[in-house]
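To start, the structure itself, in structure tokens.
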Amino acid sequence: MTSDAKPTAKIQLPEMELECPIVVGTENEKSIDIRALRAQSGYITLDDGYGNTGACESKITYIDGEKGILRYRGYSIEDLAEHSTFVETALLLIYGELPTKETLSGFRKLLTDHEMLHEGLHNMYDGFPAEGHPMAILSAMINACSCYHPDIMVMEDETTFMAAAARLMSKVRTIAAAAYKTSVGQPHIYPSPNLSYCRNFLHMMFSIPFREFDPDPDVVSALRLFLILHADHEQNCSTSTVRMVASSQANLFASCAAGVCALWGPLHGGANMAVIKMLHELNESQIDLVKFMEGVKRKEFRLMGFGHRVYKNYDPRARILKKAVDKVIRKANIHDPFLDIARKLEEVALEDPYFIERKLYPNVDFYSGILLRTLGIPLNMFTVMFAIGRMPGWIAHWKEVQESDSRIHRPRQVYTGYVQREYIPCEKRGIEWNVGS
Ligand code: SDX
């Protein structure tokens, strides 16, 4: 291979040898470009769960799972967690640069302008039962929002996109808080144009008529941190869902409503609720935690909040959340037995060969639920909180799909069902009917 020749991968098939281009990312990630594979050889690849498959090229978020590195548009999660705000981080993810003062104030104004829900949408909550799951309500109401804003159906220019992005990011708080208020039988609290993104959400969640909720600044800061840490995570299940739906040129709200549904699963965003349910059961049963971990190793149950498809090291978000939990709990001078249990489980796991060999470490969900508990967020709202945090990431990926020359996502399959067979007439199967019935 001459020095200027681009590297290729040779694939030796029974029938032929193929050469496929090698694509190397800016962080030196190497990939084999197989886009011509089927046309040239008739072969496809098979990769259940996509653990070895790059679905796209993306400039938004970088993860090094072996080293436990996470960066949004090149900025480390540690720096953003310490120095940034959620709205600034959202603009960074969506537009690729830390915003100027003008961009930030302009977007903040859009968030304020679009924080209300149409009264027709508020009326829709009358149809939800109090025990309706807020993730179902969230996905339904995001889609319902688009019925009141037909302009978001066709993103003609940057201005309409930015307005739609602000609408979605702003209203997702109002929708979530209204779902909570419906579940507790309290009146919906309207957003206040004078409050920051996080404070406004807490206001809509916990204020009641004639008594405004006035949270401790540490609570607001902890919510800021939670949302920043959840803002994006490259091609995870729900973001890949958003990109899949976006690839059909479905509108932003429909794509993100689909992301909410994918996030709901206990193996994904639903894990933060599953962790607390696990800690609750362990606390109630007072089971010996070492014995419990033996049960995990026998695969009788999963250690929720542990393990990750990409991180084979400590999830950097979990490390940051663990420190935040310690700080908030120490400041509030409270004792949460769930935290003691979580710490013990982590201690046992980090020293046990079963977990070490499988590279199972705490992930973002292991401590996030404990933090949400200290903020007073009810358990069934935990995954909704994850969705509020992830919204800018979904919006950024939707935009990236629209701006790319991405084709509609349509994976192939290896068919392993019946080969062709003849129809068996119903009378031969003892069924009396005629084809017109
Ligand atoms: C999120 O993708 C993302 O980026 C997601 C996310 C994001 O920000 O978007 O980071 C958010 O979803 C975090 C993950 C939250 N989920 C959980 O905490 C649920 C518990 N964890 C798992 O079920 C699991 O670890 C996954 C789903 C996270 C990853 O699953 P994989 O990569 O498919 O791994 P696997 O199921 O094939 O497990 C590999 C081995 C198996 O053992 P062996 O068959 O090799 O003997 O590890 C074991 C598994 O049994 N294992 C676990 C375990 N997770 C994996 N054993 C006990 N407890 C666990 N939690």
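Any read-out appearing in this document is the output of simple, stated calculations on the displayed coordinates, not a laboratory observation. Fair warning: this is a prediction, and the values are worked out from it, not measured in the lab. Note: ideal-geometry Cβ built from the backbone for every residue, glycine included; neighbour counts use all protein chains shown.
Structural remarks
- Measuring max minus min along each principal axis, the C-alpha atoms of the stretch 192-232 give extents of 36, 19, 15 Å (largest first).
- Percent of Cα-Cα distances greater than 17 Å, calculated over the stretch 278-339: 56
- Each Lys or Arg adds one and each Asp or Glu takes one away; over the other residues whose Cβ falls under 11 Å from the Cβ of residue 358, this sums to +1.
- Label sites at residue 291 and residue 123, each approximated as a point 7 angstrom past Cα along Cα to Cβ, lie 5.8 nm apart.
- Near residue 191: Cβ cut-off under 15 Å, other residues only, Lys/Arg at +1 and Asp/Glu at -1. The net charge is +3.
- For residue 295, neighbours were defined as the other residues whose beta-carbon sits under 11 Å from its Cβ, and their charges (Lys and Arg +1, Asp and Glu -1) total +2.
- Once the chain from residue 409 to residue 421 is taken as fully extended at 0.36 nm per residue, the excess over their C-alpha distance is 1.2 nm.
- Of the residues 181, 171, 109, 299, the one with the fewest other Cβ atoms within 10 Å heads the list, and the complete ranking is 299, 109, 181, 171.
- Whether the stretch 1-160 is rounded, prolate or oblate, judged on the alpha carbon gyration tensor where a/c under 1.5 counts as rounded: prolate
- Prolate/oblate/rounded call for the stretch 134-213, Cα gyration tensor, a/c under 1.5 rounded: oblate
- Full extension of the chain segment joining residue 267 with residue 56 gains 73.7 nm, where the gain is 0.36 nm per residue of separation less the Cα-Cα distance.
- For the chain: rounded, prolate or oblate by the Cα gyration tensor [a/c cutoff 1.5]: rounded
- Using the Karplus relation 6.51 cos²θ - 1.76 cosθ + 1.60 with θ = phi - 60°, the per-residue 3J(HN,Hα) values for the stretch 277-294 come to 5, 5, 5, 4, 5, 5, 6, 5, 7, 6, 5, 4, 5, 5, 5, 4, 5, 5 Hz, with x marking Gly and Pro.
- Sorted ascending by nearby beta carbons within 10 Å, beginning with the fewest, 408, 34 become 408, 34.
- Summing Cβ point charges (Lys, Arg +1; Asp, Glu -1) relative to the Cα centre of the stretch 347-437 gives a dipole of roughly 340 debye.
- Here is how the number arises for the chain: DSSP H runs of 4 or more residues each give -39500 (n - 2.57), the sum is divided by the residue count, and the result at 222 nm is -16000 deg cm²/dmol.
- Cα long-axis angle, helix 337-351 against the chain (0 to 90 degrees, to the nearest 10): 40
- For the listed residue pairs 59/359; 101/399; 6/30, the alpha carbons are over 18 angstrom apart in 59/359; 101/399.
- The magnitude of the dipole of the chain, with charges of +1 and -1 set on the Cβ of Lys/Arg and Asp/Glu and taken from the Cα centre, is near 440 debye.
- By other beta-carbon atoms within 10 Å, ranking 398, 264 with the fewest at the front produces 264, 398.
- Per the Debye formula on identical point scatterers at the alpha carbon atoms of the stretch 362-437, with no solvent, log10 I(q)/I(0) at q = 0.17, 0.19 Å⁻¹ is -0.86, -0.97.
- Crossing angle, helix 316-332 versus the chain [Cα axis fit, 0-90 degrees, rounded to tens]: 10
- Dipole orientation for the chain: of the candidates 137, 406, 424, 424 has the Cα lying most toward the positive pole (charges on Cβ; Lys, Arg +1; Asp, Glu -1).
- Directionally averaged projected area (the stretch 256-400, Cα convex hull): 9.2 nm².
- Each of 80, 91, 54 was placed along the dipole of the stretch 36-102 (beta-carbon charges, centred on the mean Cα), and the one lying farthest toward the positive end is 54.
- When each of the peptides 137-148, 250-261 is scored by the mean number of other C-beta atoms lying within 10 Å of its residues, the order from highest to lowest reads 250-261, 137-148.
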